Number of protein chains: 4
Amino acid sequence: MPAAAPDAPESAQRDALERARRVRIMIFDVDGVLTDGRLWYGPSGESLKAFSVLDGHGIKMLMRSGVEVALLSGRSSAAVSARAAELRIRHALQGIEDKVAAFGALLSGLGLGADSAGFMGDELVDLPVLRRCGFACAPASARDLVLRHAHYVAAAPAGAGAARQACEFVMQAQGTLDAVLAKYLA
Amino acid sequence: MPAAAPDAPESAQRDALERARRVRIMIFDVDGVLTDGRLWYGPSGESLKAFSVLDGHGIKMLMRSGVEVALLSGRSSAAVSARAAELRIRHALQGIEDKVAAFGALLSGLGLGADSAGFMGDELVDLPVLRRCGFACAPASARDLVLRHAHYVAAAPAGAGAARQACEFVMQAQGTLDAVLAKYLA
Amino acid sequence: MPAAAPDAPESAQRDALERARRVRIMIFDVDGVLTDGRLWYGPSGESLKAFSVLDGHGIKMLMRSGVEVALLSGRSSAAVSARAAELRIRHALQGIEDKVAAFGALLSGLGLGADSAGFMGDELVDLPVLRRCGFACAPASARDLVLRHAHYVAAAPAGAGAARQACEFVMQAQGTLDAVLAKYLA
Amino acid sequence: MPAAAPDAPESAQRDALERARRVRIMIFDVDGVLTDGRLWYGPSGESLKAFSVLDGHGIKMLMRSGVEVALLSGRSSAAVSARAAELRIRHALQGIEDKVAAFGALLSGLGLGADSAGFMGDELVDLPVLRRCGFACAPASARDLVLRHAHYVAAAPAGAGAARQACEFVMQAQGTLDAVLAKYLA
């Protein structure tokens, strides 16, 4: 079971669960979070992105449980658009220079406060949003400074289950995970 | 040599061997079992899948020993069709929403009972078939709940030998492995 | 925080910081430094290269701090040109048989001495430039002989943060890193 | 420095050096030796192969030292042909069902005996050639039975330096490695 951090004290874990309980929208950075940070270039620029089937299942389970999911990326690629469309993620914000502004606009469009928003990021440029959202998440491979500002650190690698763990942690906090697991054991 | 699980008690290993002995058809999930779970997206969606040459050899050896092999996947891609054709896997079931129904139809078409079927899966959606088949297998990277329902857990990573180990385990249980090894030492 | 080498004595670390302080241009080899050394071939030859989003951020931060960045590669590919263009690296020297000559020509064109140049390489062919530049860097995966001639060894793997660490080390030595970090915590 | 095997007794290492000293042609299997064993499939079948720049440098150094290099693969792909052409490997034998026959024909065409031939393989199908050649090599990731028949086991992973280590071991045994290293330190 995912924990707030491998070596987090119990109070930090209770705080992370409390924050996750309030999440109405979970937002993911793309490169270094939904991927392992590798950028595949062909002759005409970036041409491929490697996503995780684990993360996809996690995002779909979380959405089905009633939590909105969004993407917030500084880069822009057709591969991300294709993946978002397949997962039916309606808010796939790409090519975002000012993540704080985009974060604010997304929330006000949905009538949500920052306390209702979770965000998983790994880079320095993600820090401003991580410090404003209610539930700040990072993969274990995030920059040191990012890890220090995260309420929840996923043990699984970025692009190979980190987002899935965050999704399950939110569902666990909200009491919606057990029903899903029970369905598969029926 | 593969074991039922790294820390399995002897009785669990005997049970796994007994179950593997009865296998007439071995069925594999694709993403997270025959691949490492990464999905490669280009501008128009999923465009590549990475299979293991080890697994291919294992599947071919198992088929030559007289055991049928099938694929059972929730997703669908031309890459899987191409790989299945190359390995001469006749039953490559893709885009399957209800894996239990497809599993049942496959077995009745072949006149086989669930006891004669092995299945290797890694995800929650694989649990219903894993709980119905005679020989439930998983890669070590499978979800915790899946591992708890597996009769056999491969130590090699998914997409890099997990399926190969399952194939060799079945052949070992059925007494057909040594003849193959001997051929290469003739 | 990156160090001159995991087990370097304090004097070696002071020497590395002193050398990094003088860097006006930081030059990177490509394969095995900005990538993990894998070459992706399709039917018509090399067709993909995998760069790291971490390294890209590091290079952009370093350039913004006033240090020039260049690439120096024995191979040549459109993927490298595309990545260099995106990062606005003006000097992307590819297909270079004689790296020492290209290194000298690059520096004299910019009116810089070898003491002002840092270079990160991993292979035997990089040794002549590494031995001439002021600040010799290598990823931990470099050949043994290269590691012995490096002033700074990055702990992060090649193609997954080694260059980023070198960029941050130069910025740390030059006192420009803290201002960047502070910006993201404002 | 590469050794005959991590835990090989001294006599085994002397034997490996003696065998490597006699090598006039070094032959490499492709999948699982020059690659990590992953097969990249697109809609129309296998479409990419990932080689190592390290192995390429090793093969070029070995050829320059006067040792012939060949490829011997059960599979066939345009990617291998492209890589072989770039490295100027004249004997790139692909789609080989009977590796022993191809091995014999290659050697007699060059007027060499099996004692003059090294071969690096990882699979059961490679065993017959490994048992006939003078210097049998394997990556550490090879099948157990293959490892037991190898005179030399490379510590570096397949597709990421295993072949390079074998090349350097042969050059070390033949006394041609130091001259190459010295050239880069001139």
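Ranking of B:49, B:60 by solvent-accessible surface, largest first: B:60, B:49 (1.4 Å probe, protein heavy atoms only, all chains present). In the elastic network of chain C, a GNM with C-alpha springs shorter than 10 Å, the most mobile of C:79, C:173, C:101 is C:101. Between the amide H of residue A:76 and those of A:95, distances stay under 5 Å, these residues lying 5 or more places away or on another chain, with hydrogens modeled in the peptide plane. Going by accessible surface with a 1.4 Å probe and the largest first, A:22, B:19, C:148 read C:148, A:22, B:19.
Once you have the Kirkwood Rh of the protein assembly as shown from its Cα pairs, apply Stokes-Einstein at 25 °C and 0.890 mPa s and quote D in µm²/s. Value of D from the Cα-based Kirkwood radius: 89 µm²/s. Residue A:175 label point (Cα plus 7 Å toward Cβ) to equivalent points in the other copies: 5.8, 5.8, 8.1 nm, shortest first.
With all protein chains present, calculate the accessible area of residue D:91 using a 1.4 Å probe and round the result to the nearest 10 Å². Approximately 50 Å² for this residue. Calculated accessible area for the stretch A:137-186 comes out at 37 Å² per residue, all protein chains present (probe 1.4 Å; ligands, DNA, RNA ignored). Pick from A:150, A:78, A:102: which is most flexible by mean-square fluctuation in a GNM of chain A where alpha carbon atoms under 10 Å apart are linked? Among A:150, A:78, A:102, the largest GNM mean-square fluctuation belongs to A:78.
Whole-Hz Karplus values for the stretch D:125-131 come out as 5, 8, 4, x, 6, 4, 7 Hz, taken residue by residue from phi with 6.51 cos²θ - 1.76 cosθ + 1.60 and θ = phi - 60°; glycine and proline positions read x. Neighbours of residue C:49, meaning other residues whose beta-carbon lies under 11 angstrom from its beta-carbon, give a summed charge of 0 when Lys and Arg score +1 and Asp and Glu score -1. Placing unit charges on each Cβ (+1 for Lys and Arg, -1 for Asp and Glu) gives the stretch B:24-179 a dipole about its Cα centre, and among B:82, B:52, B:166 the Cα reaching farthest toward its positive end belongs to B:82.
Listed cross-link partners B:183/D:99; C:49/D:49; D:49/D:99 are compared with a 19 Å cut-off, the Cα-Cα value being larger for D:49/D:99. Take each residue of peptide B:75-86, count the partner chain Cβ atoms within 10 Å of its Cβ, and average: the result is 3. Converting phi to 3J(HN,Hα) with the Karplus coefficients 6.51, -1.76 and 1.60 and the offset θ = phi - 60°, the stretch D:59-74 yields 5, 5, 4, 5, 5, 4, 7, x, 9, 6, 10, 9, 10, 9, 10, x Hz in sequence order, with x at every glycine or proline. Among beta bridges from DSSP that stay inside the stretch C:1-105, the antiparallel ones total about 30%.
Relative to the other identical copies, residue A:110 shows label-point distances of 4.5, 4.5, 6.3 nm, where the label point lies 7 Å from Cα along the Cβ direction and values run shortest first.
Amide H to amide H, with H built 1.01 Å from N, residue A:141 comes under 5 Å of A:158, counting only residues 5 or more places away or on other chains.
Remark: accessible area buried at the B-A interface is about 2000 Å², both chains counted, probe radius 1.4 Å. In this structure the amide hydrogen of residue B:39, modeled in the peptide plane, comes within under 5 Å of the amide hydrogens of A:51, A:52, A:53, none closer than 5 places in sequence on its chain.
Accessible-area rank, largest first, for C:63, D:26: C:63, D:26, with all protein chains present and a 1.4 angstrom probe. Distances between copies of residue D:131, taken at a point 7 Å out from Cα along the Cα→Cβ vector and listed shortest first: 4.8, 4.8, 6.8 nm. Each DSSP beta bridge with both residues in the protein assembly as shown is either parallel or antiparallel, and the antiparallel ones are about 30%.
Axis-proximal residue of chain A for the rotation onto chain C, reported as residue and distance in whole Å: A:48, 5, based on Cβ position.
Here the stretch A:1-153 exposes an accessible surface that is 50 percent carbon and sulfur, computed with a 1.4 Å probe and the other protein chains kept in place. 3J(HN,Hα) along the stretch C:32-48: x, 10, 7, 10, 7, x, 7, 10, 9, 9, x, x, 10, x, 4, 10, 9 Hz, from the Karplus curve 6.51 cos²θ - 1.76 cosθ + 1.60 with θ = phi - 60°, whole Hz, x for Gly and Pro. Applying both filters, DSSP loop and at most 13 other Cβ atoms within 10 Å, to the trypsin sites (Lys or Arg not before Pro) of the stretch D:84-143 gives D:88, D:90.
The values are calculated or read from the model by the stated rules, or taken from the named source; none is laboratory data. The structure displayed is predicted, hence computed values, not measured ones. In this analysis, Cβ positions are derived from the backbone assuming ideal geometry, glycine residues included, and neighbour counts consider all displayed protein chains. Areas reflect the complete protein model, heavy atoms only, side chains present, ligands, DNA and RNA absent. Shrake-Rupley method; radii C 1.70, N 1.55, O 1.52, S 1.80 Å.
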